[in-house]
Amino acid sequence: MIAVPPNAFTKGTGNSLITGLDKNTLAGAPRASATGAELSDTAKASSVYSYFGKQYYSGSSTSAGVTSSTQVPNQASTQTTQPATQTTTAQNTGGFQAQAASQFIGQDCKTQQGESLGKIQDFVVDLESGRILYGVVNSGGSARGIPATLMQAAGNSITVQATKQQVNSAPVVPPGNTPQIGDISFATSVYQTFSQPMWFTATTQTGQSFGNPHRATELANFQVQDSANQNVGTVQNVLLDINAARVAFLVLNASTLLGQANQLIAVPPNAFTKGTGTFLVTGLDKNTLAAAPRTSGNWSELSDPAKASSIYSYFGKQPYFGTTGLTPTGRP
């Protein structure tokens with residue numbers, strides 16, 4: 001028997017649920033007894049959540065779930081404490097703003113004093129947590145990782161609350177959409193280089209990953225499948241809220257599924273789970289997508305918190321921005 005956190009599942013049709021967990025992950029998962037009594041132990045329960053890459057809801061508020069690529073049950077991570085002496089602790093400010101990741105790629109990134117740091121190459125995001133992990137800037141001929149919490153957007157421009165010396169000494173980001181980009185130990189090194197506090201549990205142990213990490217540029221054109229491995233659409237764009245270090249939406253093109261052109265649907269990032277290769281998995285079915293709010297491709301309309309909040313509510317997700325909570329959608 002295997003105890004699995006409830007948010008590892010999304011809604012299917014009828015009496016079915018959908019999960020992105022594969023055979024290998026389940027084969028290496030911690031086992032539970034028939035009574036499950038041992039799961040009342042906080043440390044045990046936390047290790048189960050961590051194995052499946054989920055945030056445990058009790059205990060440390062700064063911990064984040066991880067998945068182990070080595071699939072070793074109950075393997076404790078080696079944690080490091082955050083630096084006692086920190087530089088400026090960034091607090092991204094500004095109202096909610098959904099902007100296409102693609103509009104920043106190739107743009108010059110500067111310090112707050114206007115000094116050029118290099119061109120923005122990418123953003124590494126985690127759909128599970130809905131966060132931007134770090135930005136990727138070509139500085140000094142190398143792709144350097146910069147904590148998303150240090151980035152500020154104004155129009156198509158991004159400034160960073162850091163010096164050029166810090167950026168040039170930042171960890172070099174592995175090329176492509178390799179598993180290493182989502183490794184928690186790598187993200188730890190990025191944040192520690194800039195003495196930034198981490199919302200996830202720091203570790204120097206490799207092989208532990210965020211739940212659903214990707215490069216934003218690679219996500220565009222990912223295929224999305226349902227539980228029956230049927231295509232429901234293609235990711236057309238990734239919308240970021242840079243000033244909050246969050247992924248606002250993935251824009252799903254469901255035109256083929258719905259039989260009409262220009263069926264663009266903004267979907268919260270945590271409505272997707274990790275698939276294989278260039279696929280994502282979702283529990284959204286044709287009926288849900290058919291009745292979903294549409295977007296025209298004018299992303300500014302999605303920067304309206306009321307509009308964005310209504311979309312999150314429709315898909316049964318909790319908005320991370322100003323809201324008084326979810327309300328029932330009333331959809332079938």
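General remarks:
- Of the residues making up region 193-212, those that are polar (S, T, N, Q) and not in a helix (DSSP H, G or I) are Ser195, Gln196, Thr201, Thr203, Thr204, Gln205, Thr206, Gln208, Ser209, Asn212.
- If only residues of region 227-243 that are surrounded by fewer than 22 Cβ atoms within 10 Å (Cβ to Cβ) and outside any strand (DSSP E or B) are counted, the one that is modelled with the highest pLDDT is Asn243.
- Some residue of region 219-226 being outside the structural domain of Leu264 (by TED's automatic domain parsing) and of a type in the set (S, T, N, Q): no
- Any hit, region 312-330, residues being at pLDDT 90 or above, hydrophobic (A, V, I, L, M, F, W, C) and out of contact with any helix residue (DSSP H, G or I) (no Cβ under 7 Å at 6 or more places or on another chain): no
- Test set (1) in contact with a Gly (Cβ under 9 Å, 6 or more places away or on another chain); (2) under 20 Å from Asn270 (Cα atoms); (3) surrounded by fewer than 20 Cβ atoms within 10 Å (Cβ to Cβ); (4) not aliphatic (A, V, I, L, M) - His214 fails condition number: (3)
- Contacts under 6 angstrom Cβ, first residue in region 87-107 being of a type in the set (Val, Ile, Thr), partner modelled with pLDDT under 95 and exposed (fewer than 14 other Cβ atoms within 10 Å of the Cβ), 6 or more apart: none
The values are calculated or read from the model by the stated rules, or taken from the named source; none is laboratory data. Small disclaimer: the values here were computed from a predicted structure and weren't measured. Glycine gets a Cβ as well: all are built from the backbone with ideal geometry, and neighbour counts include every protein chain shown.
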